[in-house]
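Structure first, commentary second.
Throughout, read-outs are computed from the coordinates displayed, never taken from laboratory work. Values in this document were obtained by computation on a predicted structure and should not be read as measured data. Cβ sites come from the backbone with ideal geometry, for glycine too, and all protein chains shown count toward neighbours.
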Amino acid sequence: MRMSKIVTITADLLPPFILAFGLYVIAHGHLTPGGGFQGGAVTATGLLLMIVAYSYKDIAKAIRQDRFKLYESLGLIIVIGVGYIAFLYGATFFTNWLVNTPLPFGTYVPFGPNPGDLNTGGTMPLYNIFVGVEVFCGLTIVVLYMLSGLEEGEGSS
Amino acid sequence: MRTITKVIPVIILLAFFMAMAASFDFGRPFQTAMDDYFIEHGQEQVGTNNIVTTIVFDYRGFDTLGEASVLLTAVLGVGLLFRRFSKGEEDEAAEEEDWQEVAER
């Protein structure tokens, strides 16, 4: 079943902006309100709009579900792996081992108001990015699974 | 009579909540040692301007790790419930139903 022209054209125009906003929320998770979970949910909404506006079959062909499952698992594994790297520095699990070092994301931030620099936060940006990937892929996969069940029911009745 | 018995508990609850809301001094917590520590040291120790993210991902990182694991488990459960049966499994399920029908007779 096709949606009306208004919905279809809106779904053609909006997803890039929604995806860009979601990626912004993820990337600036350590500076502005938001973070990995919220940005991942926003990003998933952009894809859900396309899934809702077009028929399930078209979208299921275009999206490779295996890749989404792989990236979801990889996101969580990398989050845990980043936590384990702290052992190399002689610290406990999940210690922020990148902060206040010359490595990327390691710039020192003094106490008080400041304009904000993306190159700060230690492991926070890494956690935000990979948790965002996990949430994005997970929510998309959940909705795809549920829609597949819905269509089977429609076909049989 | 019945309406009175329904209304009286609601009035009591409302009065209770109003009294509680009036008695508390919102915005001025009793214990502020923890909040002050996070606000004063968050930027220097973690390097983030967003104190909420500092607490969620660093000071209480295990909580966030658990949340992410819960999400993965939820997706796993949905995938198990809504999976497409492969050919062999479908036949087995159909055979099982047949046997159940025979047993019911």
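Legend: mean number of C-beta atoms from other chains within 10 angstrom of residue C-beta atoms, peptide B:6-15, equals 0.
Per-peptide packing, taken as the mean over residues of other Cβ atoms within 10 Å, places B:71-82, A:43-54 in the sequence A:43-54, B:71-82 from highest down. The mean count of C-beta atoms from other chains within 10 Å of the C-beta of residues in A:80-89, rounded to a whole number, is 1. Note that the protein assembly as shown shows a convex hull volume over its alpha carbon atoms of 286 Å³ per residue. Taking only the Cα atoms of chain B, the radius of gyration and Dmax are 28.0, 75 Å.
For chymotrypsin sites (Phe, Trp or Tyr not before Pro), the sites in the stretch B:13-43 that DSSP calls loop and that have at most 16 other Cβ atoms within 10 Å are B:F24, B:F26, B:F30. Entry note, chain A: relative contact order of 29 percent, from Cα contacts under 8 Å with a spacing of 6+ residues. Taken residue by residue and averaged, Cβ atoms of other chains lying within 10 Å of the Cβ of A:128-139 number 3.
Rounded to the nearest 10 degrees, the angle from helix B:33-46 to the longest Cα principal axis of chain B is 70 degrees. The convex hull defined by the C-alpha atoms of the stretch A:23-157 has an orientation-averaged projected area of 10.3 nm².
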